[in-house]
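The structure under discussion appears below in the form of structure tokens.
The values are calculated or read from the model by the stated rules, or taken from the named source; none is laboratory data. Since this is a predicted model, take the numbers as computed values, not measurements. Note that we place each Cβ from the backbone using ideal geometry, even for glycine, and neighbour counts take in every protein chain shown.
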Amino acid sequence: MSDQDATTETEHTLRTPIVAVLGHVDHGKTSLLDRIRGSAVTAGESGAITQHIGATAVPLDVISDIAGELVDPTDFDLPGLLFIDTPGHHSFSTLRSRGGALADIAILVVDVNDGFQPQTLEAIDILKRTQTPFIVAANKIDTVPGWNPNENQPVQQTMDAQSERVTSDLNEKLYELIGELSDNGFSADMYWRVQNFQANIGVVPVSAETGEGIPDLLTVMMGLSQRYMKEEMEIDASGPGVGTVLEVKDTQGFGTTLDAIIYDGTIHKDDTIVVGGLQGPIVTDVRALLRPRPLEEIRTEQQFEQVDAVAAADGVKIAAPDLDDAIAGAPIRVLRDRDRAEVIAEVEEELSEIEVTTQEE
Ligand code: GDP
């Protein structure tokens with residue numbers, strides 16, 4: 001290969017799968033995300049996960065610490081999981097990537113006591129329509145009368161530690177859920193009985209309150225991604241960054257900024273980007289890329305630190321001029337050496353597909 005070829009060489013890497021959390025109101029979506037973040041902070045070095053930019057990255061070593069014996073990190077070459085922090089199907093539908101859902105994979109949260117509710121069914125319809133693989137988190141297992149909580153334990157272990165009556169009460173609720181999934185056209189079973197996660201939906205009993213089952217939930221998500229989505233996770237990390245705007249907001253000292261997820265390539269400081277806006281594509285230059293400071297430094301004046309580049313898949317706050325008209329859900333594309341008119345046309349086309357809305361649920 002000549003030196004000239006080397007400059008156009010691509011750098012194939014596996015990116016982090018993007019995870020969305022869906023489910024009926026009050027079934028525990030926010031609590032579950034909080035619990036995962038909390039466990040990640042406790043288990044990992046405090047700087048290892050990123051927050052405050054609309055997405056939480058949980059690296060494989062942190063998942064492995066949380067999951068203990070359930071995970072052998074050498075079984076995986078995907079780098080971890082990236083959770084979208086805003087749960088619910090409104091954000092799921094609004095956040096898109098190249099015409100599909102931004103999330104690669106989803107957790108459908110169902111309260112074991114409450115079963116399927118209108119928004120559970122709506123979520124299922126959306127997951128079906130977008131062909132997004134998902135697992136069901138059967139939440140609030142700690143509310144079964146007589147439950148003996150075992151903080152952060154794998155679920156089979158904690159189920160074994162319950163009285164016979166409690167176990168049988170829980171199983172009854174879980175099988176009701178499995179029945180409801182079946183009524184909706186999904187063959188489902190307890191996750192430890194599922195061999196083929198493409199054909200069957202795995203149900204993971206969890207408690208966002210006590211952390212029971214969280215090790216299992218992360219393990220199953222990791223396994224599902226590794227097994228069935230590895231090819232889709234292959235990206236050219238050296239290519240121009242491509243992403244989606246999560247939120248448009250003011251950041252002290254930087255004016256209007258974008259919280260974004262980059263799902264392909266890399267974005268660099270000083271890159272020219274094209275972003276979807278209310279009046280059409282906005283062409284602007286990245287002034288700063290901001291990431292939350294490591295947690296141990298969070299009390300310092302500046303909440304964010306500047307970085308030179310962010311590679312997919314990850315969350316980042318983008319500071320650039322002229323972002324006032326940018327829209328949540330809109331595409332972001334780095335121009336780099338691509339044809340400007342072509343990139344603008346791509347952004348325009350993607351913009352026409354998104355549901356323009358400024359209201360979160
Ligand atoms: P969301 O609307 O789906 O985001 O639900 P939230 O996370 O706000 O949870 C709704 C309520 O259920 C809150 O009062 C939570 O504290 C409670 N909750 C969530 N998960 C659990 C759980 O696993 N066990 C118990 N006991 N309560 C829970």
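Quick one: is PRO145 free of Cβ contacts under 8 Å to residues at least 40 places away in the same chain, more than 28 Å from ARG227 (Cα to Cα) and within 16 Å of the ligand (Cβ to nearest atom)? For PRO145, the condition - free of Cβ contacts under 8 Å to residues at least 40 places away in the same chain, more than 28 Å from ARG227 (Cα to Cα) and within 16 Å of the ligand (Cβ to nearest atom) - is met. Scanning the range 99-151 for residues that are at pLDDT 95 or above and polar (S, T, N, Q) gives ASN113, GLN117, GLN119, THR120, ASN139, THR143, ASN148, ASN150.
I'd like to check something: does the range 97-120 contain any residue that is among the charged types (D, E, K, R), over 30 Å from ILE318 (Cβ atoms) and touching a residue at least 24 places away in the same chain (Cβ under 8 Å)?
Initially, the range 97-120 is screened for residues among the charged types (D, E, K, R), giving 98, 104, 111, 114.
Among the residues that remain, those that are also over 30 Å from ILE318 (Cβ atoms) are: 111, 114.
Those still in the list that are touching a residue at least 24 places away in the same chain (Cβ under 8 Å) too: 111, 114.
Yes - at least one qualifying residue is present in the range 97-120.
For the range 218-232, a tally of residues being more than 20 Å from VAL62 (Cα to Cα) and in a helix (DSSP H, G or I) returns 3.
Residues in the range 17-35 that are part of a loop (DSSP other than H, G, I, E, B), within 8 Å of the ligand (Cβ to nearest atom) and of a type outside the set (Val, Ile, Thr) were compared, and the one that is surrounded by the fewest Cβ atoms within 10 Å (Cβ to Cβ) is ASP26.
Sort out which residues of the range 191-207 are in contact with a Pro (Cβ under 9 Å, 6 or more places away or on another chain) and surrounded by fewer than 19 Cβ atoms within 10 Å (Cβ to Cβ), and write them in order of number. Correct list: PHE197, GLN198. Any residue that is within 15 Å of the ligand (Cβ to nearest atom) and modelled with pLDDT of 95 or more - is there at least one of those in the range 179-201? No, the range 179-201 contains no residue that is within 15 Å of the ligand (Cβ to nearest atom) and modelled with pLDDT of 95 or more.
Here is a yes/no grid of residues against (1) assigned to a loop (DSSP other than H, G, I, E, B); (2) at pLDDT 95 or above:
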site: GLU212; (1), (2): yes, yes
site: ASP216; (1), (2): no, yes
site: SER238; (1), (2): yes, no
site: GLU247; (1), (2): no, no
site: LEU258; (1), (2): no, yes
site: THR284; (1), (2): no, yes
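Looking only at residues of the range 98-116 that are under 23 Å from ILE214 (Cα atoms) and not in a strand (DSSP E or B), we find that the one that is farthest from the ligand (Cβ to nearest atom) is ASP104.
Taking the condition within 16 Å of the ligand (Cβ to nearest atom) and modelled with pLDDT under 95, does ASP65 pass? Here the answer is no, as ASP65 does not meet what is asked. Restricted to the range 36-53, and to residues there that are of a type outside the set (Ser, Thr, Tyr) and within 16 Å of the ligand (Cβ to nearest atom), the residue that is modelled with the highest pLDDT is ILE36.
Residues in the range 331-361 that are within 19 Å of ALA103 (Cα to Cα), modelled with pLDDT of 95 or more and touching a helix residue (DSSP H, G or I) at 6+ places or on another chain (Cβ under 7 Å): 2 in all.
Among the numbered conditions (1) within 13 Å of the ligand (Cβ to nearest atom); (2) modelled with pLDDT under 95; (3) in a helix (DSSP H, G or I); (4) in contact with a Gly (Cβ under 8 Å, 6 or more places away or on another chain), the only one that SER91 does not meet is (4). Count of the range 131-142 residues, restricted to those that are near the ligand (Cβ under 9 Å from one of its atoms) and either surrounded by fewer than 23 Cβ atoms within 10 Å (Cβ to Cβ) or not hydrophobic (A, V, I, L, M, F, W, C) (or both), is 3.
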